[in-house]
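Chemist: Got a structure here, written out as structure tokens. Questions coming.
The values are calculated or read from the model by the stated rules, or taken from the named source; none is laboratory data. Since we're looking at a predicted model, the values are computed, not measured. Cβ: placed from backbone, ideal geometry, glycine included. Neighbour counts: every protein chain shown. All accessible areas refer to the heavy atoms of the entire protein, side chains included, with ligands and DNA or RNA removed. Shrake-Rupley method; radii C 1.70, N 1.55, O 1.52, S 1.80 Å.
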There are 2 protein chains.
Amino acid sequence: MDKKSPIRITLTTRDETVTITQWVYSTLRHAVMNGQILPGRALTIRELASILDVSPMPVREALRQLAAENALEIQGNRRVMVPRMTAMKFNELCEARITLESHAAARALPYIDKERLQLLIALDKEIDQAHDEGDLEQITVRNQRFHRTLYTSNPHQITLPLIESLWLQLGPFMRLANSKLEEHYTIDRHNEALQAIERKDALALQIAITADIREGFAFAGTPELLHSFIEESASA
Amino acid sequence: MDKKSPIRITLTTRDETVTITQWVYSTLRHAVMNGQILPGRALTIRELASILDVSPMPVREALRQLAAENALEIQGNRRVMVPRMTAMKFNELCEARITLESHAAARALPYIDKERLQLLIALDKEIDQAHDEGDLEQITVRNQRFHRTLYTSNPHQITLPLIESLWLQLGPFMRLANSKLEEHYTIDRHNEALQAIERKDALALQIAITADIREGFAFAGTPELLHSFIEESASA
DNA sequence: CATCTATTTTTGTGATCACAAAAACTTGCT
DNA sequence: AGCAAGTTTTTGTGATCACAAAAATAGATG
């Protein structure tokens with residue numbers, strides 16, 4: 001049944017209030033974001049349907065949606081796969097993140113009141129906690145929650161879907177970033193960001209966000225390291 | 001059959017090499033981009049299927065894809081519509097365009113050789129031509145082609161899908177922008193951009209792109225005008 | 001006339017089927 | 001063994017059906 005590498009997807013019990021398509025979507029999204037499906041691996045509707053124990057229809061819709069978000073790639077053959085990564089593309093994705101996210105942060109700043117700042121401080125504490133416990137998965141989740149909460153402070157914000165698309169594309173590699181992060185013992189720049197928010201200093205906030213993102217991928221700054229794990233996913 | 005306002009969609013003959021879903025997708029995309037479907041109007045799968053004379057299936061897939069690109073909005077009711085616009089959201093979309101597109105332009109600059117520059121110059125001439133002929137539709141089309149060609153000069157570029165998502169969200173209102181543009185006789189900033197490219201001056205290029213985008217929506221700078229045509233689309 | 005309730009219709013979701021195209025596999029030849 | 005042609009299987013696409021939920025309509029009641 002499994003010709004190539006067997007796909008191992010974490011299954012969560014489905015909330016009954018949610019459509020099957022939505023459940024399949026978030027399941028596959030999570031799998032992509034955590035690098036559970038290696039780039040280049042051909043995904044077929046029926047195979048995924050059988051793994052998730054649903055009919056092909058919801059899988060079809062979820063795949064199309066993920067492809068529209070650039071999380072998956074539809075080849076000319078109409079075949080779907082996780083896009084392969086290149087060093088140049090990786091770099092472009094990081095730079096795009098920096099540009100978009102510092103923009104979103106600056107535009108959110110005027111809307112952050114005292115209680116929202118307290119919320120952000122609390123979320124930052126939770127990241128440190130996950131860090132202490134060495135829970136890599138939770139570090140990623142809570143880090144994303146921190147950024148998402150910051151940007152959505154702006155009630156008219158429209159960039160989050162674009163930012164999440166970038167996260168999805170970097171997803172499989174964020175995971176590795178965090179695993180290396182253990183060694184490097186990187187301290188994030190969230191404190192700097194929080195102080196900038198308190199001072200209502202937009203420029204300082206942008207600088208902090210930029211540094212936070214850049215240092216998060218600092219491990220990839222050494223070309224050999226970057227290359228090594230891009231090659232790792234080059235298996236057809 | 002048509003309870004609300006009748007939907008008028010420009011139909012193109014379908015290329016046989018392309019799937020029905022793809023044809024439906026680009027047809028609907030074009031309709032949204034040109035404001036042929038007014039915001040707030042509820043779209044049903046079967047109605048569109050009958051208008052386009054296809055089975056419900058391709059429409060279903062196309063709608064989901066457009067929703068994933070933020071061109072359409074799925075409400076809690078599972079009902080699909082073109083999102084309504086607000087003045088604040090309009091402003092956010094413009095600012096996001098400026099940030100993303102000047103980023104994309106700067107990152108493309110190193111890859112623009114002499115012949116690509118010539119191509120851009122030719123495309124710019126075509127815009128002037130459409131301008132002389134007073135063809136509003138072609139002005140928009142060719143203007144987008146100019147920008148797209150500029151950004152895709154970077155072979156590793158990954159921001160175009162995000163930029164196109166913003167174009168789609170502004171789509172219904174770009175049309176009005178251009179209609180007002182007739183009166184204002186706006187001169188675009190493409191010449192400035194082209195000169196900056198020739199000098200390999202990234203900052204000047206970003207300034208030109210920023211001005212080009214901002215002036216394209218300058219008409220909306222007067223709050224009463226902006227408000228007037230946003231209200232225009234407020235009909236449920 | 002307005003407002004709530006019951007009934008009918010419409011709609012999205014998901015399942016299943018048919019079919020042509022693409023892969024994968026088998027076979028035969030050098 | 002290496003490779004090309006033919007065969008079988010698998011796959012995405014699109015059509016159609018069933019069903020529960022939502023919306024529209026009709027009716028009744030104040």
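Chemist: For region B:2-57, what are the residues that are hydrophobic (A, V, I, L, M, F, W, C), outside any helix (DSSP H, G or I) and away from DNA strand D (no atom under 11 Å from the Cβ)?
Modeler: The answer is B:7, B:9, B:11, B:37, B:38, B:43.
Chemist: Okay, next question. May I ask you to verify whether residue A:95 is away from DNA strand D (no atom under 16 Å from the Cβ) and within 9 Å of chain B (Cβ to nearest Cβ)?
Modeler: Yes; evaluated as a whole, the condition is true for this residue.
Chemist: Can you confirm whether region B:101-117 contains a residue that is polar (S, T, N, Q) and open to solvent by 30 Å² or more (accessible area, probe 1.4 Å)?
Modeler: no
Chemist: Inside region B:68-87, can you point out the residues that are at the interface with chain A (Cβ under 9 Å from one of its Cβ atoms) and near DNA strand C (Cβ under 10 Å from one of its atoms)?
Modeler: Answer for region B:68-87, where residues must be at the interface with chain A (Cβ under 9 Å from one of its Cβ atoms) and near DNA strand C (Cβ under 10 Å from one of its atoms): just B:78.
Chemist: If you don't mind, another one. Just a yes or no: is a residue in region A:62-69 assigned by TED's automatic domain parsing to the domain that holds residue A:33, among the charged types (D, E, K, R) and at pLDDT 95 or above? Write out each step before concluding.
Modeler: Step one: filter region A:62-69 for residues assigned by TED's automatic domain parsing to the domain that holds residue A:33, giving A:62-69.
Checking the rest, the ones that are also among the charged types (D, E, K, R) come to A:64, A:69.
Filter once more, keeping what is at pLDDT 95 or above: A:64, A:69.
Yes, there is a match, as at least one residue in region A:62-69 is assigned by TED's automatic domain parsing to the domain that holds residue A:33, among the charged types (D, E, K, R) and at pLDDT 95 or above.
Chemist: Being surrounded by 14 or more Cβ atoms within 10 Å (Cβ to Cβ) and over 19 Å from residue B:144 (Cβ atoms) is the filter here, so list the residues in region B:7-36 that pass it.
Modeler: Of everything in region B:7-36, those that are surrounded by 14 or more Cβ atoms within 10 Å (Cβ to Cβ) and over 19 Å from residue B:144 (Cβ atoms) turn out to be B:7, B:9, B:14, B:20, B:21, B:22, B:23, B:24.
Chemist: Provide a single number: the residues in region A:22-58 that are within 10 Å of DNA strand C (Cβ to nearest atom), among the β-branched types (Val, Ile, Thr) and under 21 Å from the mean Cα position of the chain (by Cα).
Modeler: 1
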